[in-house]
Amino acid sequence: MFNININKQEIKEWIVTIAVALVLVVIIRTFILDTRIVPTTSMVPTIQPGDRLFVEKITLHIQGLERGEVIVFEPPVQSGLKDDLIKRLIALPGDTVETKDGKLYINNVAQDEPYLAEPIQYTEKEVTVPEGKIYVMGDNRNRSYDSHEWGFADIKDVKGKALLTYWPLKRVRLW
């Protein structure tokens with residue numbers, strides 16, 4: 001019937017190849033690049049529910065964070081959430097944040113935010129971001145559970161920056 005010729009050297013080579021591949025996947029996902037599936041509408045219209053993103057973890061440690069970047073982070077305890085969040089970084093330690101008249105103000109300067117779903121429909125008094133913290137918001141401001149409701153996130157809990165939307169193909173975008 002079937003002539004199966006098992007070569008021990010070939011089996012050993014396959015085991016080594018698979019082991020190396022698994023180690024590389026673990027190293028890449030832990031230290032370099034990860035993926036996320038967006039579960040909510042908090043970043044609409046920029047990111048849609050179901051979009052799949054690559055999140056890179058290196059530049060965070062080399063260049064730091066900049067206002068306006070889309071980041072992935074562990075939610076603060078006061079949010080009551082467990083799963084990582086994807087939001088836009090609005091303010092860094094020492095910055096002031098205020099929302100009024102449908103606009104976001106950072107350090108008393110009204111921000112031009114063409115990516116918003118609609119004008120902000122709430123008011124928030126000026127707050128100063130403490131050391132070691134960041135202020136984040138979704139682009140769908142009126143429907144996003146974010147810093148305007150639960151306060152600041154820890155800068156040390158940032159896991160990475162959005163690099164590329166890779167799915168669906170019609171929405172491929174390099175960040």
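Each value in this text was obtained by applying a stated rule to the coordinates, not by laboratory testing. Every value quoted in this text rests on a predicted model; they were computed, and no experiment measured them. So basically every Cβ, Gly included, is an ideal-geometry build from the backbone, and we count neighbours across all protein chains shown.
The table below lists the values:
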{"item": "Debye-sum result for the chain in log10 I(q)/I(0), which assumes one identical scatterer on each alpha carbon, at q = 0.11, 0.16 Å⁻¹", "result": "-0.53, -0.96"}
{"item": "Per-pair calculated FRET efficiency, R0 = 30 Å: A110 and E131 via Cβ, rounded to 0.05", "result": "0.75"}
{"item": "Which of L169, L116, L65 has the fewest Cβ neighbours within 10 Å, and the rest in rising order", "result": "L169, L65, L116"}
{"item": "Three-way shape call for the stretch 74-143 based on the alpha-carbon gyration tensor, with the a/c threshold at 1.5", "result": "oblate"}
{"item": "Chymotrypsin sites (Phe, Trp or Tyr not before Pro) within the stretch 1-77, DSSP loop, no more than 16 other Cβ atoms inside 10 Å", "result": "F2"}
{"item": "Protection proxy ranking, peptides 89-98, 74-83, average beta carbon neighbours within 10 Å, highest first", "result": "89-98, 74-83"}
{"item": "Counted charge near D34, where neighbours are those whose Cβ lies closer than 9 Å (Asp, Glu -1; Lys, Arg +1)", "result": "+3"}
{"item": "The chain, relative contact order [Cα under 8 Å, separation at least 6], %", "result": "24"}
{"item": "C-alpha long axis of helix 8-27 to longest principal axis of the chain, angle in °", "result": "10"}
{"item": "Eligible lysines near K159 by straight Cα distance, threshold 17 Å, same-chain separation 8 or greater", "result": "K57, K82, K87, K133"}
